[in-house]
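The values are calculated or read from the model by the stated rules, or taken from the named source; none is laboratory data. Note that the structure is a prediction, hence the values are computed from the model and not measured. Heads up, the Cβs are rebuilt from the backbone with ideal geometry, glycines too, and the neighbour counts pull from every protein chain shown.
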Amino acid sequence: MGRLNSKTLESGKGPAKAPDYDRGAISPGIVHLGIGAFHRAHQAVYIDDRLGEEPDWAIIGASLRRGDMREALAPQDFLYTLAIRQGDEISARVIGAIVDILHAPPGNLAVIEAIAAPQTRIVTLTVTEKAYCRNPATGELNLDHPEIRADLESGGGAGSVPGLLATALSVRRQRGMPPLTVLSCDNLPDNGGTLSRVVTRFAEARDPALARWIGETIAFPSSMVDRIVPATTDADRAEIAALTGYEDAWPVVTEPFSQWVVEDRFVAGRPALELAGVIMTNDVGPFEAMKLRLLNGSHSALAYLGVEAGYETVADAVADPVLAAYLEAMMRDEITPMLDVPGVDLAAYARALLERFANTALKHRTLQIAMDGSQKIPQRLLGTIRDRMGEGRPHGRLTLAVAAWIRHLSGERGDGSPYAIEDPMAEELSRIAEMTLPDVPAFGNAMLDLRPVFGDLSGNENFRDAVLAQLRILFDEGAVTAMAAVR
Ligand code: CS2
């Protein structure tokens, strides 16, 4: 069986739809940081849809951490297969929007040059929450972050995302180049504002004049992104090869649903994304809150409670009627009433989410979603809890989800089987677990003291008591009992 590349495509065989434009005629206009599965199943597809009409917006990808994506895709001329799966249905399409992938640690000089190149007009990011090096509770740059400290001391390149962007922008400034747009596509509230703050703060620490120039010339619009894209498995690779008739080292598997809402504030042009189905708007905030709190909030609840209840994937977890009823009630009674999104039927949105979660073709692992909880819990769960407390309304199900995160940090299911805690704060979290357990209240209290996660809620006695009560039930009686009992 041959490998996917430009030649295989020319042969025109196989059931995968090929790009409908001449790849030889496209050129890059976007540099994307974080070229993982999500970007390749989301933004790259919208761009792929536009390249026939607007050939100068192809993407140069950059991997800041790992070199394996470049290794997998370079022999394929950066082509890859996108498989869309729903239940027993599968369709495949080859995406050609990525024309190069850079991997240049430790200083990322090649990435900095790509951002500084004259044809680059937009930089986009899917680097995940932790790469913003922010204090999760406040959204401000953590100047004590080891990568930030290292970058501030380094004279040349940069390893952190805020450092890399500030350095690349400073190169553009020195060379007298026109401004560009930096578009965050990560699951953070006010992601554009957050990115602008961490980059500007980094620049300020290095050169206040640079920080001022960034503030005056660079646009950081916000965007809401949504598509469920589990990590690709070897089984996916084999199935896609059997379907398409060629080998692809790193295809992506996703669901039919896809959504992108972008704040229309670009300073150096943009592709006509609205013609590819993107919602362009002046205010992403309500969409962002809807998605982060309903989808990602449910996802995190489902991950921590699901792991504890012994479910390996999201679809397995929501097939449990107790879990499904808990999620449905949390969305309907606790989250939706705190949202207001013009033109969107939130009840229908929540119903559609439960259907998306139930897609058995996606093996979306609960442990994958459980990763990096310290960076996710504030915007996914705590924001709604704060809003409800402010109005004196109950929040038992959200509280249970927070307790389930803490329960998860013990590193062991109720039956004693262990799993690894993957989190940028893992060392501190595991040390707390080790020093306090089996004393559950001591364990819970020490976790609730983590101000970078809980902020003001650390000092709120009612919140603390409510979480500790749920934590006790989780340890003594397990996740299913806790979900069935919570009101
Ligand atoms: C998930 C998200 O891994 C996670 O934390 O909640 O990746 C989720 O699948 C996407 O945001 C869906 O758009």
*Quick check: is even one residue across the range 48-56 closer than 20 Å to GLU113 by Cα, modelled with pLDDT of 95 or more and either in the same structural domain as LEU183 (by TED's automatic domain parsing) or within 16 Å of the ligand (Cβ to nearest atom) (or both)?*
yes
*Would you mind stating whether ASP264 is surrounded by fewer than 16 Cβ atoms within 10 Å (Cβ to Cβ), farther than 30 Å from THR8 by Cβ, in contact with a Pro (Cβ under 8 Å, 6 or more places away or on another chain) and not polar (S, T, N, Q)?*
yes
_I'd like the full set of residues that are over 21 Å from LEU180 (Cβ atoms), aromatic (Phe, Trp, Tyr) and crowded, with 20+ Cβ neighbours inside 10 Å, limited to the range 196-251._
TYR246
*Can you pull out the residues in the range 359-389 that are within 10 Å of the ligand (Cβ to nearest atom) and outside any helix (DSSP H, G or I)?*
LEU362, HIS364, ARG365, MET371, ASP372
*asked:* What's the total number of residues in the range 1-30 that are outside any helix (DSSP H, G or I) and basic (Lys, Arg)?
replied: 3
*Is there a residue being more than 27 Å from ALA404 (Cβ to Cβ) and within 16 Å of the ligand (Cβ to nearest atom) anywhere in the range 294-307?*
no
_I need every pair where a residue in the range 353-374 that is at positive phi has its Cβ under 9 Å from the Cβ of a residue that is part of a helix (DSSP H, G or I) and more than 9 Å from the ligand (Cβ to nearest atom), sequence separation at least 6 or different chains._
ASP372/LYS130
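Checking the conditions here, which among GLY414, GLY392 is modelled with pLDDT of 95 or more and in a loop (DSSP other than H, G, I, E, B)?
When all the criteria are applied, what remains is GLY392.
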*Of the residues ARG356, ARG351, which is within 10 Å of the ligand (Cβ to nearest atom) and either crowded, with 17+ Cβ neighbours inside 10 Å or more than 24 Å from HIS408 (Cβ to Cβ) (or both)?*
ARG356
*Starting from residues that are touching a residue at least 24 places away in the same chain (Cβ under 8 Å) and more than 30 Å from ALA158 (Cβ to Cβ), keep the ones in the range 23-47 and report whichever is nearest to the chain's Cα centre (by Cα).*
ARG23
*Kindly indicate whether SER458 is at negative phi, surrounded by fewer than 16 Cβ atoms within 10 Å (Cβ to Cβ) and without any contact (Cβ under 8 Å) to a residue 12 or more places away in the chain.*
no
_Count - residues of the range 189-225 that are under 16 Å from PRO136 (Cα atoms) and part of a loop (DSSP other than H, G, I, E, B)_ = 2
*Kindly state which helices (runs of 4 or more DSSP H) lie completely within the range 228-329 and contain at least 3 residues that are modelled with pLDDT of 95 or more and under 19 Å from the mean Cα position of the chain (by Cα).*
285-290, 297-308
